[in-house]
Amino acid sequence: MGMFHLTEDERRLLPTDEEVQTYLERGWYLSRKLLTDDEVDALVDGSERFYAGHRDRRLPSRPAKLAYWEPEHGPVQRHNDYVHYESDEIARILRKPIIGAVAARLAEAAEVRLFQSTLIYKPPSANEPTNIVPWHFDRHYWQSSTSERMLTAFVPMHDCGEEMGTLTVVDGSHLWKETGATDSTTRHFAERDPAELDEMLEENARYNDAEVNKIVMDIPKGHMSFHHCRTYHGSGANRSDRPRRAISLHMQDGENQYREFRRADGSVVVYNHDTLVRRTATGKPDYADPEFCPVLWRS
């Protein structure tokens, strides 16, 4: 219990009861300043060392769907999964208790564990196709998880607004009933036609008699946004003269565990964790493995 402690100043940074209710209704939350300027700058320094090749440890194997930019991939948008595992410097900041405590308040969970972390670098290139992240929601890719309360913190390393291609969410879309869902939704957006994903968003809005109300997250340095695992989101081009640096921090409540999820053809959906984490007593992947999914907060 002692390690999960907040100072009085940090407690004032937590979402209020009213803000939690708004998150439950709208599917997103913009935080107060959770990281100091020095901590944000340390993330930048740590990311640059990471890109230069520094690793405190390396993944024991490469899962088939691992996102992992290497210098030879060139000036595209960079995604590097498991940065919390490979960089102690970055992990130290991502595991700051206030981040997990905010997530626990929003998810109404007694415990929050890290699920995945992805280091992201969007180059300053308005015409770079990989800079566009099409509409999607994360729960589609987490079908091997039992929880419906998982959520993501988008952690920029600077002031982040529309010009830089910040995160944009569709207000209230986490409450929509889904139509037209097929096995294809388990495939990552990078493997799909963006036009198809745009149409899926519009189709689901029509099915729910809802408007597509897009909220552009204007995030000051040290602040971060949180969104529900069923909230539609995406991002546009970086039209600024600076790279957009961020971490996508996916989190799971303490009750989440592995479930076998089969496609219509009988094949089992495999998440990257499934080849990395330890096994439970029944032989299933353990999404509470502290090596890859450490506890961020416990009340």
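Numbers for the structure displayed
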| read-out | value |
| --- | --- |
| Selected residue (only one of Arg187, Arg206 is modelled with pLDDT under 95, of a type in the set (Lys, Arg) and under 18 Å from the mean Cα position of the chain (by Cα)) | Arg187 |
| Residue in segment 32-46 that is closer than 15 Å to Pro156 by Cβ, polar (S, T, N, Q) and surrounded by fewer than 17 Cβ atoms within 10 Å (Cβ to Cβ) present | yes |
| Of the criteria (1) β-branched (Val, Ile, Thr); (2) in contact (Cβ under 8 Å) with a residue 12 or more places away in the chain; (3) surrounded by fewer than 16 Cβ atoms within 10 Å (Cβ to Cβ); (4) outside any loop (DSSP other than H, G, I, E, B), which one Ile90 fails | (3) |
| Residues located in segment 113-150, provided they are in a helix (DSSP H, G or I) and of a type in the set (S, T, N, Q) | Thr130, Asn131 |
| Hits in segment 277-294 - residues which are touching a residue at least 24 places away in the same chain (Cβ under 8 Å) and of a type outside the set (Lys, Arg) | Pro285, Asp286, Tyr287, Ala288, Glu291, Phe292, Cys293, Pro294 |
| Residue list for segment 42-81, restricted to those being in contact (Cβ under 8 Å) with a residue 12 or more places away in the chain, part of a helix (DSSP H, G or I) and acidic (Asp, Glu) | Asp45 |
| Every residue from segment 199-215 that is assigned to a helix (DSSP H, G or I) and under 19 Å from Gly27 (Cβ atoms) | Met200, Leu201, Glu202, Glu203, Asn204, Ala205, Arg206, Tyr207 |
| Those residues of segment 244-276 which are farther than 20 Å from Trp28 by Cα, outside any loop (DSSP other than H, G, I, E, B) and either touching a residue at least 60 places away in the same chain (Cβ under 8 Å) or touching a Ser or Thr at 6+ places or on another chain (Cβ under 9 Å) (or both), in sequence order | Arg244, Arg245, Tyr258, Val268, Asn272, His273, Asp274, Thr275 |
| The one condition in (1) touching a helix residue (DSSP H, G or I) at 6+ places or on another chain (Cβ under 6 Å); (2) within 30 Å of Glu128 (Cα to Cα) that Gly236 fails to fulfil | (1) |
| Of all residues in segment 259-297 being buried (at least 16 other Cβ atoms within 10 Å of the Cβ) and polar (S, T, N, Q), the one that is nearest to Ala110 (Cα to Cα) | Asn272 |
| Residue list for segment 23-66, filter: more than 22 Å from Ser225 (Cα to Cα) and of a type in the set (A, V, I, L, M, F, W, C) | Phe50, Ala52, Leu59, Ala64, Leu66 |
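One line per residue, one yes/no per condition, for (1) at pLDDT below 95; (2) on the phi > 0 side of the Ramachandran plot; (3) in contact with a strand residue (DSSP E or B) (Cβ under 7 Å, 6 or more places away or on another chain):
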residue	(1), (2), (3)
Ile215	no, no, yes
Pro220	no, no, no
Arg244	no, no, yes
Glu255	no, no, no
Asp265	yes, no, no
Ala281	no, no, no
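The values are calculated or read from the model by the stated rules, or taken from the named source; none is laboratory data. Predicted, not measured: the structure shown is a model, and the values here were computed from it. With ideal geometry, Cβ positions are generated from the backbone for all residues, glycine too; neighbour counts draw on all protein chains shown.
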